[in-house]
1. Of all beta bridges DSSP finds with both residues in the chain, what is the antiparallel percent, to the nearest 5?
2. Using θ = phi - 60° and the Karplus form 6.51 cos²θ - 1.76 cosθ + 1.60, what ³J(HN,Hα) does each residue of the stretch 214-227 get, whole Hz, x for Gly and Pro?
3. Tell me the net charge near GLU162. Cut-off is 15 Å between Cβ atoms, GLU162 excluded, with +1 for each Lys or Arg and -1 for each Asp or Glu.
4. Sequence neighbours fewer than 8 away in the same chain don't count; with that in mind, list the aspartates and glutamates whose C-alpha is under 16 Å from LYS176.
5. Of PRO195, ILE243, ILE71, which is farthest along the charge dipole of the chain in the positive direction, counting Lys and Arg as +1 and Asp and Glu as -1 at C-beta?
6. Under a 5 Å amide H to amide H cut-off, with H placed in plane at 1.01 Å, what residues pair with GLU88 once short-range neighbours are removed?
7. How high is the relative contact order of the chain, in percent, with contacts defined as C-alpha pairs under 8 Å that are six or more residues apart?
8. Straight-line reach only, C-alpha to C-alpha below 19 angstrom: list the lysines that LYS131 could link to, leaving out same-chain residues fewer than 8 apart.
Amino acid sequence: MNVEKMMVIGAGQMGSGIAQVCAQAGYSVLLHDLKVEVVDKGLGVIRKNLTRQVAKERMTEAELEQILARIRPSTELENARSVDLVIEAAIENMEIKASLFKELDELAPAHTILASNTSSLPITEIAAATKRPEKVIGMHFMNPVPVMKLVEIIRGLATADEVYNMIEDITKKLNKVPVEVNDFPGFVANRILMPMINEAIYTLYEGVATKEAIDEVMKLGMNHPMGPLTLADFIGLDTCLYIMETLHEGFGDDKYRPCPLLRKYVKAGWLGKKSGRGFYEYA
Ligand code: CAA
C-alpha cells in the first residue's frame, strides 16, 4: 500500500506544523478542524513559515505556491473516506480522542492507518476504540514541528510490524528522524522532559532561585536552547500539567506529582506564551 493522501486533524500549532512538513515532502494533505477560522489560521501560519524560507532564498515563490496547493482545508470528518493516513493532533483528552478514532474507523477505508500525535496518552487505549488496532500507531512530533528533527513512533500493543515500517519510512520522507518507543505513559520524550520541567517549577516554588536564574543555569550549564521555565511557557502550562497528571496516574508514583505552583498558574489562566502570561509575560 502506498500512502499518498493524508488528513491532519487539528489545525493548531502542532497540526499545522505537521501539515506543512507533509506537504513539503510532496504529500497531498487535508488540514482538518471543527471551525473554518481555525483551519484558515493554521494555513496562515504555514504560509508565514514558508514565506520566511523564500526570504532566506531556500525556496522559490513557485515552490511555496506548489506546497500550499497540496494542502486543502477540511471541516467535515467525512473527508477521511479519501485518505491513506490520518495524523490526529487534536486536544489531549482521552474521551475526545477515543470518540474521534471510533468515528474515523467507521469512515476511513480499511487500508487507512490512524496515527495520533498524542504527547503522552496510551496508544493501546486509543486503538481499542477502533476495530483496526493493528493500524493504530503514535507519531509524536516535537514543537516547533518544522524545526525539530525527532518523531517518536509509538507501537501500541497490537500495532502491526508492517504499519510500523510504513510510518518509519514516511517519517524519513518528512526529513525527520524516527525513534521507536513502546507504549508507556509519557513514552520517552515527556517521561524525561516533564519531570525536569516540574522540578524546575518546584525549584522556583521553594525559593531556591529566581525564574531567570533557573533558566540561565540550564541554558548555560547544560547547553539547553531554552531554560525549562521558558520551555514550559512555550509548550503551554496546561499541556505540562496534563502530561504530569498522565504520568502520575499512569505510574501511580508520587515522584510525578505536579508542582502546586503549576496547578495554580493553570487555574489562573496563565498558560504560557499562548495566553500572554506564564512564568514570563509576552507582548
Ligand atoms: N515555526 C517554524 N520555524 C521556527 C519556529 C516556529 N514556531 N520558531 C523558530 N523557527 C525557526 C526559525 O525560523 C529559525 O530558522 P533558520 O535557522 O532556518 O533561520 C530557527 O527555527 C531558529 O530560530 P530562532 O533563531 O528564531 O530562535 P532560536 O535559535 O532560539 O530557536 C527554537 C528557536 C528552535 C524553538 C529553540 O529555542 C529550541 O530548540 N527550543 C527548544 C524546543 C524544544 O525543546 N521543543 C520540544 C518541546 S517538547 C515537545 O514538543 C513534546 C511535547 O509533547 C510537549
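Just so it is clear, none of the values below were taken in a lab; they were calculated from the coordinates. Bear in mind the structure is a predicted one, so any value in this text is a computation, not a measurement. Here the Cβ positions follow ideal geometry from the backbone for every residue, glycine too, while neighbour counts run over all protein chains shown.
1. Here the antiparallel bridges make up roughly 20 percent for the chain.
2. 4, 5, 4, 4, 6, 6, 7, x, 10, 6, 6, x, 9, x
3. Net charge in that neighbourhood comes out at -3.
4. The qualifying aspartates and glutamates are GLU152, GLU168.
5. Comparing the listed Cα positions along the dipole, ILE71 ranks first.
6. Close amide H contacts, sequence-distant or interchain: ILE9, ALA115, SER116, ASN117.
7. In percent, rounded to a whole number, it is 13.
8. In chain and number order, the partners are LYS97, LYS102.
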